[in-house]
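Read through the structure below, which is laid out as structure tokens, and then see the notes.
The values are calculated or read from the model by the stated rules, or taken from the named source; none is laboratory data. In this text the structure is predicted, and so the values were computed from the model without any measurement. Don't worry about glycine lacking a Cβ; one is built from the backbone with ideal geometry, like all the others, and counts go over all protein chains shown. Ligands, DNA and RNA are excluded from the accessible area calculation, which covers all protein heavy atoms including side chains. Shrake-Rupley method; radii C 1.70, N 1.55, O 1.52, S 1.80 Å.
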Amino acid sequence: MPASERLAAELGRLLRSRQAEARLPSVSAAVFRAGEVVWADALGLADVESGRDATPDTQYRIGSITK
């Protein structure tokens, strides 16, 4: 397996592990090099109620929940 495939597999494993440990409904991550995406992945559900899967292109609404 080429180094880039091994790295992608390891990044995917780390992402799955972190999602499970933190019990997150979804998680997405990307690696950029020289302004370009060289790896991206997403796991879980972007919308739990509708069952919509998360993808690297999913845009999440953010808001302050710490007030």
Check: Looking only at residues in the stretch 1-46 that are touching a Lys or Arg at 6+ places or on another chain (Cβ under 8 Å) and open to solvent by 50 Å² or more (accessible area, probe 1.4 Å), which one is modelled with the lowest pLDDT?
Finding: Leu24
Checklist line | Pairs with Cβ under 6 Å, 6+ apart, first in the stretch 37-48 and in contact (Cβ under 8 Å) with a residue 24 or more places away in the chain and within 13 Å of Gly12 (Cβ to Cβ), second part of a strand (DSSP E or B) and not hydroxyl-bearing (Ser, Thr, Tyr) | finding: Trp39/Val31; Leu43/Val27
Checklist line | Selection status of Asp47, of a type in the set (Asp, Glu) and in contact with a helix residue (DSSP H, G or I) (Cβ under 6 Å, 6 or more places away or on another chain) | finding: no
